[in-house]
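This report concerns only the one structure given below.
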Amino acid sequence: MKAPHSPGLWTMAWLKLRANRVGMSSLAVVLGFGLLVVLAQLGLLASDWQREVATPFAPPHWVGPSTDSEEIQTQSEGSPVLDISAVDPLAPQYETWARQAAQVTEVVTQKATTRALGADRIGRDVLAKAIKGAQVSITVGVAAALMATLIGTLLGALAGYFGGVIDDLLEWLYNVFNSVPYVLLIFALAAVFKSGPMARVFSNGIAPVVIILSVVGWTGIYRLVRAEYIKHRGREYVRAAEAIGVSHLARMFGHILPNVSHVVLVQLSLHVVSFIKAEVILSFLGLGVSMDMVSWGTMLSEAQTELVLGKWWQLVAATGFMALFVTAFALLTDALRDALDPKLR
Amino acid sequence: MLTYFLRRILQMIPTLIGVVLLVFFLFKYFGGDPAEILGGLQATPEQIESIRTELGLNEPVPVQLWMFVTKVVTFDWGSSWATREPVLEIFKSRLPATLTVMIPILLLEVVFGIVAGMAVAYVRGSLTDRAVMIVCTIAMSISFLVYVILGQYVFAFQLGWFPVQGWSSSLTTNLIKFAPLPVFLAVAVSLGPYTRLYRSFFLDEINQDYVRTARAKGVGESRILFVHVLRNAMIPILTNVATHLPSVFIGSFLIEVFFSIPGLGREVYTAVNRSDYPVIEAVTVYLAVLTMAINLLTDLLYKVVDPRVVLK
C-alpha cells in the first residue's frame, strides 16, 4: 500500500503564496524589475543613458517644453569673425584646415525639448537613467545580500553545529562586529577602500559597495542560523544520519540546511531591501558606486541641486522607481514569511 | 547583582581586544600608506621616510600594535591628519552639537512610537489599522534622503519657516532656531518604522490572558493600556531604544551633513573623505566601548522594568 503523498514545504509555501493577492502582485512587480535589470545588464535597455539626447533640463512630455529658452538663443549667435590673415603667422595653414574641416561631416542632432520623464542638467534622459540606476542599485542590493547571507549562513552553521571552541571563537567575532555601530563600520571600510591598496584592486564598479555592505551585514543572519543549527543538531534525523555514517559536511549542508532554508530565504530578502537603501545613501554621499555609474543614490544627489532650480523630475523619477521596487519587495518578503512560517500553518 | 556586573565587565575585555585588533589591522593592512596620505602627492622620498619614522611605521608590527593600544588607553591620539586639531578636541567640540539634535529626536521618536503603536494596536484588524500599516510600508520604502531633500526645500527654502542650515554657539539658539527642522524631519521619517515595530510589541501583549482578566474585573481601558500592557511591552521597547542609543552619539550623519551641523557624524564623514584615519579609528573604538556599556546598562534596566527577570 502506498502512503498518501504529502506536499513538501516549498510546494505548500507556493500554494499559500499564490492565494495571497498582495504577495502575488508584488511578486509580479519584483519580477518586472528583475526583467528590467537583466535587459539593462545585457545592454538591450537604457544602454545609451549617457547620451545627451535632449536640451538641458527638458521637462517631461506632459509638462510641455520649457518656456525660458534664452540659453539656447545665446549659443547660436557667434561673435563676428575678424579677418586677421595678414598678421597671422598661421595664415598659410588656413587652406589645409578648411579642407580637413570639410572632410568631417558634422551631425547635428535634433535635441528633444521634452522627454518621457524629462532630462537632467546635461540633457540625459531621466527615464534611461532611472532604468540604469535600477540595474545598478538592485544588483548591488541583491549581490550584497547574497554575500552577507553566504557568510552568515556558513559561519552560523559552523558555530551552531560544532559548538565548543569554534562556537566561542565565532561568537567572539560576532560580538566584535556587533559592538561597533554599523554606520562607523561602513565608514571605516569606506575609508579603507578609498585610499588603501583595495582601491586599486577594485578601481571601478560595484564591488567595493557590495563587499562593504556584506562585511557589515552578515551578523544578523549568523545569529539566526546559529540558533537554528543548535536546535536541529540534536534532532533525531541528524542523529540517524550520524548513525549511518554521514559526514559532518553532508549533515550540515545536506540534512540541516534544507530544514532551515526558509529562515535564510526570509533573511535574504529582508537584507536586499535594507542594502538597497544603504547603497542609495552611500552613493549619494559619494562613497558608493564609482563616479561614471548611475544609481538611484547618485540620481538623488544630482536631484538635490536641481530641485533648488525648480527641476523636480529627476527627484520624482528616482524616488518613484525606488519606492515602487522597495515596497513590492517588502510586501513580497512579508508574504514569503507568512507562507513559510510553520507556526501559521 | 554585583557579581553579575563584574562578570559582564570581564566579558567585555575580549570583545574590546577584538575591536582594537579589528580596527588596527583593518587600517594597517587594508588602509592606504599613512605617510603617502600625509605627505601628499608632492612629497619627496626623504619626506615620506621622515613621516614614516615619526609615525613609527618602520617599527615591527607588534610594536605598532602596542603604540595603538597605548593611544586607546591614554586617549592620546595625536592630531587629525587633515586639520592638525587634536583628536580628543574633535570629540569634545563636536559631541554637544550631535547631542543637541539627537536627544530630542530619540525622545520624540520613542514617545510618538509608543502612542501611535498603541493606538494602532488597540484598533487592530480594523480599516484604520490596515490603512496605517499600508501608509507606513510605503513611507518606509522612500529613501530617507528624499524626505530630507524635500523637507529642507519646502519648509526652509520655499516657505522660509526655518533656516536652511546653520548652527550657533548658543544652546538655546540652536534648540529654538536650528534644531527644530532636522528634529522634525528625523522624527517624521522614523514614525513609519517605529509605529510598525511598536504595534507588534503591543499586539504581543494585548491578547494575553492578564488583559482579559483585568477587563473582567472592571479595570478601565486606559489603565489597562497604560499600566498593564505598557509595563509588559517595556522590555522589547527598552531593547529597541538600547540598540538605537549608540547612534545618538554618532548622530544621524545625514542630518548633520544636510543641515551643516558641526556634529560628530559629519566629522567622521569628512574624515572618510579626507582619509583622516586617526579620527575614524578613535571614534570607532570609543563608540564600540560605549555600545558595550549601553548594552550592559540595558540588561540591568530589564531588572528594574520587570522584577521577574533574573540576572545570571
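The values are calculated or read from the model by the stated rules, or taken from the named source; none is laboratory data. As the structure is a computational prediction, the values presented were derived from the model and not from experiment. Note: ideal-geometry Cβ built from the backbone for every residue, glycine included; neighbour counts use all protein chains shown.
Can you go through B:Val111, B:Val69 and tell me which one is out of contact with any Cys (no Cβ under 9 Å at 6 or more places or on another chain), more than 14 Å from every other protein chain (Cβ to nearest Cβ), free of Cβ contacts under 8 Å to residues at least 24 places away in the same chain and assigned to a helix (DSSP H, G or I)? Reasoning before the result, please.
On the way: B:Val69 fails: free of Cβ contacts under 8 Å to residues at least 24 places away in the same chain.
Result of the check over B:Val111, B:Val69: B:Val111.
Of everything in the stretch B:29-44, what is assigned to a helix (DSSP H, G or I) and more than 10 Å from every other protein chain (Cβ to nearest Cβ)? Give them in sequence order.
Selection gives B:Ala35, B:Leu38, B:Gly39.
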Across the stretch B:113-149, what is the total count of residues that are over 21 Å from A:Thr327 (Cα atoms) and among the polar types (S, T, N, Q)? 1
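At least 1 residues that are more than 23 Å from B:Ile17 (Cβ to Cβ) in each: list the helices (runs of 4 or more DSSP H) lying fully within the stretch A:152-241 that qualify. Can you show your working first?
Details: elements: A:164-179, A:182-195, A:197-201, A:207-233.
Where helices (runs of 4 or more DSSP H) fall fully within the stretch A:152-241 and carry at least 1 residues being more than 23 Å from B:Ile17 (Cβ to Cβ), they are A:182-195, A:197-201, A:207-233.
Taking the options A:Gly288, A:Gly297, name whichever one is at pLDDT below 80 and within 26 Å of B:Tyr153 (Cα to Cα). Give the derivation first.
Numbers: A:Gly297 fails: at pLDDT below 80.
After applying the criteria, what remains is A:Gly288.
Residues checked against (1) β-branched (Val, Ile, Thr); (2) within 10 Å of chain A (Cβ to nearest Cβ):
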| position | (1), (2) |
| --- | --- |
| B:Glu267 | no, no |
| B:Pro278 | no, no |
| B:Glu281 | no, yes |
| B:Thr284 | yes, yes |
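Identify, from the list B:Leu254, B:Leu290, the residue that is within 14 Å of another protein chain (Cβ to nearest Cβ), surrounded by fewer than 19 Cβ atoms within 10 Å (Cβ to Cβ) and either hydrophobic (A, V, I, L, M, F, W, C) or in contact with a Lys or Arg (Cβ under 6 Å, 6 or more places away or on another chain) (or both).
On the way: B:Leu254 fails: surrounded by fewer than 19 Cβ atoms within 10 Å (Cβ to Cβ).
Of the residues listed, the single one that is within 14 Å of another protein chain (Cβ to nearest Cβ), surrounded by fewer than 19 Cβ atoms within 10 Å (Cβ to Cβ) and either hydrophobic (A, V, I, L, M, F, W, C) or in contact with a Lys or Arg (Cβ under 6 Å, 6 or more places away or on another chain) (or both) is B:Leu290.
Which residue out of B:Leu197, B:Leu203, B:Leu150, B:Leu145 is within 23 Å of A:Gly297 (Cβ to Cβ), touching a helix residue (DSSP H, G or I) at 6+ places or on another chain (Cβ under 7 Å) and surrounded by 13 or more Cβ atoms within 10 Å (Cβ to Cβ)?
On the way: B:Leu197 fails: within 23 Å of A:Gly297 (Cβ to Cβ); B:Leu203 fails: within 23 Å of A:Gly297 (Cβ to Cβ); B:Leu150 fails: touching a helix residue (DSSP H, G or I) at 6+ places or on another chain (Cβ under 7 Å).
Among B:Leu197, B:Leu203, B:Leu150, B:Leu145, only B:Leu145 is within 23 Å of A:Gly297 (Cβ to Cβ), touching a helix residue (DSSP H, G or I) at 6+ places or on another chain (Cβ under 7 Å) and surrounded by 13 or more Cβ atoms within 10 Å (Cβ to Cβ).
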Could you tell me which residue of the stretch B:1-53 is farthest from B:Val279 (Cα to Cα), considering only residues that are surrounded by 13 or more Cβ atoms within 10 Å (Cβ to Cβ) and of a type in the set (Asp, Glu)? B:Glu49
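Matching residues to (1) closer than 19 Å to A:Pro60 by Cβ; (2) within 12 Å of another protein chain (Cβ to nearest Cβ); (3) not in a loop (DSSP other than H, G, I, E, B):
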| site | (1), (2), (3) |
| --- | --- |
| A:Leu287 | no, yes, no |
| A:Asp292 | no, no, no |
| A:Gly297 | no, yes, yes |
| A:Met322 | yes, yes, yes |
| A:Val326 | no, yes, yes |
| A:Leu331 | no, yes, yes |
| A:Asp334 | no, yes, yes |
Number of positions in the stretch A:137-178 that are crowded, with 20+ Cβ neighbours inside 10 Å, among the β-branched types (Val, Ile, Thr) and over 21 Å from the mean Cα position of the chain (by Cα): 2
Would you point out the residue of the stretch B:127-148, among those that are in contact (Cβ under 8 Å) with a residue 40 or more places away in the chain and of a type in the set (A, V, I, L, M), that is farthest from the other protein chains (Cβ to nearest Cβ)? B:Val132
Answer yes if at least one residue in the stretch A:179-186 is crowded, with 19+ Cβ neighbours inside 10 Å and away from chain B (no Cβ under 14 Å), and no otherwise. no
Evaluate the following for A:Val263: is it within 13 Å of chain B (Cβ to nearest Cβ), in a helix (DSSP H, G or I) and of a type outside the set (Asp, Glu)? no
